[in-house]
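Scroll down for the structure; my scribbles are underneath it.
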Amino acid sequence: MTRCDIHPSILSADFSRLGEELQRISDADAAHVDVMDNHFVPNLTLGLPVVERLQRVSPVPLDMHLMIEDPDRWAPAYAEAGCASVTFHAEAAKAPVKLARELRSAGAKAGLAVRPATPVEPYLDLLPELDMLLIMTVEPGFGGQSFLDVTLPKLRRAAAAVEAHGGTVALQVDGGITEETIVRAAEAGADTFVAGSAVYGAQDPAAAIAALRDTARR
Ligand code: DX5
Ligand code: ZN
């Protein structure tokens, strides 16, 4: 595995002091920011006005995960705000190719996410339009859930397709990533790991990031 990126999710950070919480993960490859609209998922987090401000102070690139309806309408603004990558859900996008192209032309990496029960095969033709494919390893909506091993065969099939495409697309997993489960996700071919509670629930987030990275590389 050449790429091995750790993206702590600020969903598990202290929302009353997000700027400082971002400083605590300055060793990470990016900060994963979960936008939830209370429609696509039954939870509500933050949106563009907050992200624009975080973007200005963050020591690491922002990796946006949009769990929202109508990403075709709302996602490009996150790319225009300077976010490094913008991932939208396959289940919500009306015109995913058009949207991915818009994100890229606004200077962001384009990501496509699938929920645990959504097959990945219908979307593999889109790989040339994408910089990242996100296989959700929990039902989106909340941090602190248990990793769903049932997603591993899909992750393996996605990894094979990414490899056949030339390995340029990052393969991200999100949900239930710990020092234990990251081994199975890495073995199945993931190379970009989101971790919320495993990083922000730790005494020392920098040490937790290093431990996850070391374990995934082993
Ligand atoms: C869940 C979010 C995740 C969440 C992961 O819907 O997309 O990014 O923060 O949290 P953990 O790592 O605690 O499962
Ligand atoms: Zn996420």
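The values are calculated or read from the model by the stated rules, or taken from the named source; none is laboratory data. A quick note: this is a predicted structure, and the numbers were derived from the prediction, not measured. All Cβ positions, glycine included, derive from the backbone under ideal geometry; neighbour counts span all protein chains shown.
Below, the figures for the structure above:
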| read-out | value |
| --- | --- |
| Scan of segment 6-32 for residues that are of a type in the set (A, V, I, L, M) and in contact (Cβ under 8 Å) with a residue 40 or more places away in the chain, ordered by number | ILE6, ILE10, LEU11, ALA13, ILE25, ALA28, ALA30 |
| Matching residues, segment 125-148, being more than 16 Å from ligand 2 (Cβ to nearest atom), surrounded by 15 or more Cβ atoms within 10 Å (Cβ to Cβ) and free of Cβ contacts under 8 Å to residues at least 40 places away in the same chain | LEU126, GLU129, LEU130 |
| The listed residue being at pLDDT 95 or above, under 23 Å from PHE88 (Cα atoms) and assigned to a helix (DSSP H, G or I), out of LEU133, LEU112, LEU127 | LEU127 |
| Subset of segment 154-179 [under 16 Å from GLY111 (Cα atoms), among the small types (Gly, Ala, Ser) and more than 16 Å from ligand 2 (Cβ to nearest atom)] | ALA158, ALA159, ALA161, GLY167 |
| Those residues of segment 22-64 which are among the acidic types (Asp, Glu) and more than 24 Å from GLU80 (Cβ to Cβ), in sequence order | ASP27 |
| Verdict on THR151 being over 26 Å from ILE10 (Cβ atoms), in contact (Cβ under 8 Å) with a residue 24 or more places away in the chain and either within 13 Å of ligand 2 (Cβ to nearest atom) or of a type in the set (Ser, Thr, Tyr) (or both) | no |
| Segment 147-178 - residue that is in a loop (DSSP other than H, G, I, E, B) and more than 16 Å from ligand 1 (Cβ to nearest atom) and, of those, nearest to ARG115 (Cα to Cα) | VAL169 |
| Residue selected from segment 85-103 under the condition surrounded by 18 or more Cβ atoms within 10 Å (Cβ to Cβ) and not aliphatic (A, V, I, L, M), by the criterion farthest from VAL114 (Cα to Cα) | GLU102 |
| From the options GLU91, GLU80, GLU21, GLU69, residue that is at pLDDT 95 or above and in contact with a Ser or Thr (Cβ under 8 Å, 6 or more places away or on another chain) | GLU91 |
